[in-house]
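A short reminder: the numbers here are calculations on the coordinates, not readings from a lab. Here the structure is a predicted model, which is why all the values come from computation and not from measurement. FYI the Cβ positions are ideal-geometry reconstructions off the backbone, even for glycines, and counts take in every protein chain you see.
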């Protein structure tokens, strides 16, 4: 059967999508890109925040018009299985995350074919580029931030064993992958649930030994448990990129406590200073929530000052999304949407100036760039540097070259131009 596939949400969900596609292919189904050519369509949904839920619902209705069979899985299916059954009769099957252990059988019930394969072990096709892949090292989260529904959807953290992760990296390297991004809801707590201690440093040591891998990146590292040992392993490596995605969410200590975030603003400032002293080329990325219940104007200004002081290389900011069944849902002091949006725009304007200044400082430098596509008929290519994660959040590097460049290859580029988020340059002789 020809099966179309739509993957929504984060890169962790994308890995799930690839594993589901692996099971489908193992049972004789063909994955097709055009929904009009599909006999069945699978929508792997996101249910993290309100806007993501709306996108998932809209996508389900859109895909329902194309194929005879419609399967919905993922976070929205896990969180709202009964509601989806009642409200969208066009759905032929809903497969929540808790049923992934029986995925092949559930798919067979709807699509026919075989019932071979294991969601956790079937070889997954790469839905992005053949030179870059995500590797999920754990699922779920045990942090229980008061605004976050992830533990409700995915449960507490469940880490893979080191040998399993390394085996996956070796396989990906054998099929041409050169960039590995290790992902989890909280990578710094990797191993605490199954080894009884933090094991990210040891995992990095083992992954680094896979010779064919050129870049290793880690997402996401919570500020309160970035061990010195992890920093030392990264500093000693020429493969592990000094890229630190440290989700802060806020700077005010009272709000951090209400969010159930550990650590303080001063702890983070000290951590940033340590990282920058150890890694001259460190890239620091964070996220922030504005309009959290009871956030005052003064506390928002403290966040703005914090962003200016640290000068994060990358910043993603969001207005607070009120999620049912989370502790923050019933908190007093809900901020109106107009105020929250105004604060978001102000914060991003500040970050835009920081980003532009930092990019302009790179003009004249030579950096290594992974070439990812050619731009039409121009002598121009698009790529990413070590400072740019593959999750479409960071910028790109535009590379001018009269000589053909290998797509998926690495070149040295002299930066000649900079905008707020992107760089441009020419191949360095």
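Neighbouring Cβ atoms within 10 Å as the yardstick, rank 224, 394 fewest first.
With the sparsest Cβ surroundings first, the list reads 224, 394.
Provide the FRET efficiency to the nearest 0.05 for the residue 174-residue 127 pair, computing r from the beta carbons and using R0 = 22 Å.
0.75
How much length is gained on full extension from residue 338 to residue 167, taking 0.36 nm per residue of separation minus their Cα-Cα distance?
56.6 nm
Given the options 211, 81, 168, state which has the largest fluctuation in a GNM of the chain using a 10 Å cut-off (strictly under) for Cα springs.
211
Would you mind pulling out the separation of the Cα centroids of region 122-144 and region 215-229, in Å?
The two parts, judged by their Cα centres, are 17 Å apart.
Taking 51 Å as R0, compute the FRET efficiency from the Cβ-Cβ separation of residue 152 and residue 360 and round it to 0.05.
The computed FRET efficiency comes out at 0.70.
Sort 410, 61 so the one with the fewest other Cβ atoms within 10 Å of its own Cβ comes first.
So the ranking, lowest neighbour count to highest, is 61, 410.
Does region 22-100 classify as rounded, prolate or oblate by the C-alpha gyration tensor (a ≥ b ≥ c root eigenvalues; a/c under 1.5 gives rounded; else a/b over b/c gives prolate, otherwise oblate)?
Note, shape of region 22-100 comes out prolate.
Can you compute the FRET efficiency between residue 373 and residue 318 using 1/(1 + (r/R0)^6), with r the Cβ-Cβ distance and R0 = 41 Å? Round to the nearest 0.05.
0.90
From the helices alone, meaning DSSP H stretches of at least four residues, give me the mean residue ellipticity at 222 nm for the chain, per-run term -39500 (n - 2.57), in deg cm²/dmol to the nearest 500.
Rounded to the nearest 500, it is -10500 deg cm²/dmol.
Quote to one decimal, in nm, the extra length available between residue 212 and residue 391 on full extension: 0.36 nm per residue of separation minus the C-alpha distance between them.
Stretched out fully, the residue 212 to residue 391 stretch lengthens by 62.3 nm.
Once you put a point 7 Å from the Cα of residue 267 and another 7 Å from the Cα of residue 429, both along the Cβ direction, what distance in nm separates them?
Each label point is offset 7 Å from its Cα along the Cβ direction, giving 5.3 nm.
If you stretched the chain out fully between residue 2 and residue 260, how much longer would it get, using 0.36 nm times the residue separation minus the C-alpha to C-alpha distance?
Difference between extended and current length: 88.3 nm.
Determine the shape class of region 128-241: with a ≥ b ≥ c the square roots of the Cα gyration tensor eigenvalues, call it rounded for a/c under 1.5, and otherwise prolate if a/b is greater than b/c, oblate otherwise.
Prolate, since a/c reaches 1.5 and a/b exceeds b/c.
Under 1.5 on a/c is rounded, so check that first for region 288-347, then, if it is not, pick prolate when a/b is larger than b/c and oblate when it is not; a ≥ b ≥ c are the square roots of the alpha carbon gyration tensor eigenvalues.
prolate
What distance in nm separates the two pseudo spin-label positions at residue 142 and residue 329, each 7 Å out from Cα along the beta-carbon direction?
Those two pseudo-labels are separated by 2.5 nm.
Could you work out how far apart the two model spin labels at residue 414 and residue 235 are, taking each label as a point 7 Å from the Cα in the direction of the beta carbon, and quote it in nm?
Distance between the two pseudo-spin positions: 3.3 nm.
If you build a Gaussian network model of the chain, linking Cα atoms that sit under 10 Å apart, which residue out of 118, 391, 305 swings the most?
391
Give the order of 399, 366 when sorted by the count of other beta carbons within 10 angstrom, beginning with the fewest.
366, 399
Once each part is reduced to its C-alpha centroid, what is the distance from region 291-353 to region 2-70 in angstrom?
32
Of the candidates 363, 72, 43, which one comes out as most mobile in a Gaussian network treatment of the chain with C-alpha springs shorter than 10 Å?
363
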